[in-house]
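A quick write-up on the structure given underneath.
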Amino acid sequence: MSADLLPCPFCGSSARFIERKCDKTKYGVGCSNDGCIIYLPEDVKLRELHNYVWVYADKQDMINGWNRRKG
């Protein structure tokens, strides 16, 4: 999946996405660099995902939204 996502538009690091199984907004995307302003921790609690990143109901919407912001 991350091959479909472009690098972070702020720092150029690889993108990280997380999928939730039981919410309307199932997908979240952010940066894998812990020094970046849109960092998404690997161990984020899924109920708090919206505090870190943009969340989406559809995977393709997530990919399109992330990739449209390329730097």
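Bear in mind that the values in this text are calculations on the coordinates, not laboratory data. Only a predicted model underlies this, so the values are computations on that prediction, with no experimental measurement involved.
Observations on the structure shown:
- Here the Karplus relation 6.51 cos²θ - 1.76 cosθ + 1.60, evaluated at θ = phi - 60°, turns the backbone of region 30-36 into coupling constants of x, 9, 8, 8, 5, x, 8 Hz, with x for every Gly and Pro.
- Percent antiparallel among DSSP beta bridges (both partners in region 15-67, rounded to 5): 90 percent
- For the chain, the spread of Cα coordinates along the three principal axes comes to 31, 24, 17 Å, biggest extent given first.
- Using 0.36 nm per residue and subtracting the Cα-Cα separation, the extra length available between Lys45 and Glu19 on full extension is 8.2 nm.
- Taking amide H positions as modeled 1.01 Å from N, with prolines and chain starts lacking one, the residues under 5 Å from Tyr39 and 5 or more places away or on another chain are Cys31.
- Per-residue ellipticity at 222 nm, computed for the chain from helices alone with -39500 (n - 2.57) per DSSP H run of at least four residues, works out to -3500 deg cm²/dmol.
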